[in-house]
Structure formats: C-alpha cells, structure tokens
Number of protein chains: 2
Amino acid sequence: MTLIGFYDPFMYGSGGKGVDPERPVYVISVAAEIVAVHPRTLRIYEEEGLICPRRTSTNIRLFSENDLRRILWIRHLTQDRGINLAGVKTLFELEERLGTRILERLYEESRNDETEKRPAGRRVAEGARR
Amino acid sequence: MTLIGFYDPFMYGSGGKGVDPERPVYVISVAAEIVAVHPRTLRIYEEEGLICPRRTSTNIRLFSENDLRRILWIRHLTQDRGINLAGVKTLFELEERLGTRILERLYEESRNDETEKRPAGRRVAEGARR
DNA sequence: GAACCCTATCAACGTCATTGTCAAGATGCT
DNA sequence: AGCATCTTGACAATGACGTTGATAGGGTTC
C-alpha cells in the first residue's frame, strides 16, 4: 500500500541531521493516513487553494511536512473551531498579509479554554462519518 | 411600523452637531430594515455573540450606528466572502486581539478584485430566498 | 387596543464539509 | 506484464449551517 520508492532514504541524513520540512515526500494516500483524513478531502483542499502540494514530473502529488502541518491547521480550524473553508482561506491570506503568526495565537486561546465551551454555538459538519 | 417614540429627537443636535455612533437608537425592526436583513437573523447574530445591542430597562434591543456597521461587516464576510459565522467571530476576536483594522484590509482587497472571481470556490447559503 | 417587542420552538430550503464510489487512463514497482 | 496507486471528473449520501419564516404566549409603547 505504499509505493515504497517514494520513501527516499537519501532524504534522511543527507544534511547531517535535520529533515527539510519543505521536501515533498508523502504521496496522497500516505499523507491522508498521517493526518487522518480522506484523500478526497485533501484534493478538495487543494482545489480550494488551501494547500499546494508539489507534483512530480509525472503529475503526482507529493506532500511535505509543512503541507501536513498546514492540513492539521485546517483540521483544527474547521473541526474544533467550526470555521468553514472560506474562513480558513481568509485567515491564511490574512496571516500572509500581516506576516504574523495569527493562527498560533488562536490555538493558544483554544488551549486555554479547557472549560470546553462551544466556540460559536453551532458546529460545522462533523457528521458524515459512516 | 415604527414605534416612533424610539426616535429621540434629542439625539440630533444635542452635542452641537455630531451623532454619537454608540448611541442605542434603532429597534430591531428598524435596524433589520436598514441593513436589509430579517429580524430573526439579527437575533441569531446576537445569540452567536457577533453583536451586542444594548437593551432598554424593559429588555428591548436598541441598535447603534456602530452596531449597524458591524452587521454590515458580517453581511459582507458571509455573503461576499462565503465565511460562516464561526469564521466571522474568529476574525472579530482576532481584530480585537491584534488591535488592527484587519477587516478593512480585507474589504479593500475584495474591492480590488473587480474580475469577480469566486472567493473560495464554493459559496455560503445565499439561497433560502423565497 | 393596535402594533411592536420579547423568548422559544419548529421548519423549509439551499449550500457546505466530508466521505465515498465509479470510471478511464497514467505511473511506479517488482 | 501485472498489480497497486495515482490522476481527473462526476455523482451521491449525510449531517450541519445560514437564512428566512411562522407560531405561541406574554410584555411594552403609544
């Protein structure tokens, strides 16, 4: 289930230690499994312009660690905060315009709210699990 | 249809010229008509914590000019940008936290996009008009 | 007393988010 | 070659969301 060849051993230890978080590594099935989301969902995120995974010369998506991080942000904003994709996109744009790490501030807030009161009363679709 | 008494003549010209934008003036039916929204919608906005109109001693909502301005912001973000109420709430919170006029920047952007490309692909409910 | 406000509830209607499938074709690995 | 996975595109099911609308019972304003 892995298309093992995509796991490039040279990725590790080539720079002495660290792994380049921008390096495109994960095929969509792997990425989807890591972030616990359906591959279809990741394709939608890309259609909406929320993520932009690189492609191989043969047009296959490859996700980097930063891509995964971004996906997890999307999941947090949509699932935990009930924000829809248009709102997420706006927040991303805003963060880029301002050059500030807005999102982290939001995350800290929601971490501090351990009293677990609903963020905006209503929630976004978290059904559709079958 | 007006509950005319709520229109306080003393509001005008009491300070020499300007009208206090914070002064609670409009009853919900009037406010709703001004911003072209159903009263039910305004009550929902209040339930969601997006607006906070003052109340008379007898518990009747009174909206100020600033309240109306805020409502128009909500309408812009939801109708033109497709952001849901949770997203709007987050943006408001963020603006308050940062002390910056984020929203105006967004509005300028959308004004500059005269090419009329859809903000996030999909749109929020703009149906339900009957 | 007529017209409006309050809260609360129920509902219709269309859109949104997510998951899922199916098709037909290209790619990667063994 | 053959199998698994990828690609795009379409279609659908499910539940939640946004908005408008109606109704009921009770208070407020004039």
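Throughout, read-outs are computed from the coordinates displayed, never taken from laboratory work. On a predicted model such as this, the values are computed, not experimentally measured, just so you know. A quick note on method: Cβ atoms are made from the backbone with ideal geometry, for glycine too, and the neighbour counts reach across all protein chains shown.
Quick check on my filter: what residues within the stretch A:51-67 are in contact with a helix residue (DSSP H, G or I) (Cβ under 8 Å, 6 or more places away or on another chain) and buried (at least 19 other Cβ atoms within 10 Å of the Cβ)?
Within the stretch A:51-67, A:I51, A:P53, A:R61, A:F63, A:D67 meet the criteria.
Across the stretch B:62-90, what is the total count of residues that are over 10 Å from the mean Cα position of the chain (by Cα), closer than 27 Å to A:Q79 by Cα and more than 7 Å from chain A (Cβ to nearest Cβ)?
Result for the stretch B:62-90: 5.
May I ask you to list the residues in the stretch A:28-67 that are in contact with a Ser or Thr (Cβ under 9 Å, 6 or more places away or on another chain) and near DNA strand D (Cβ under 9 Å from one of its atoms)?
A:S29, A:V30, A:A32, A:P39, A:P53, A:L62
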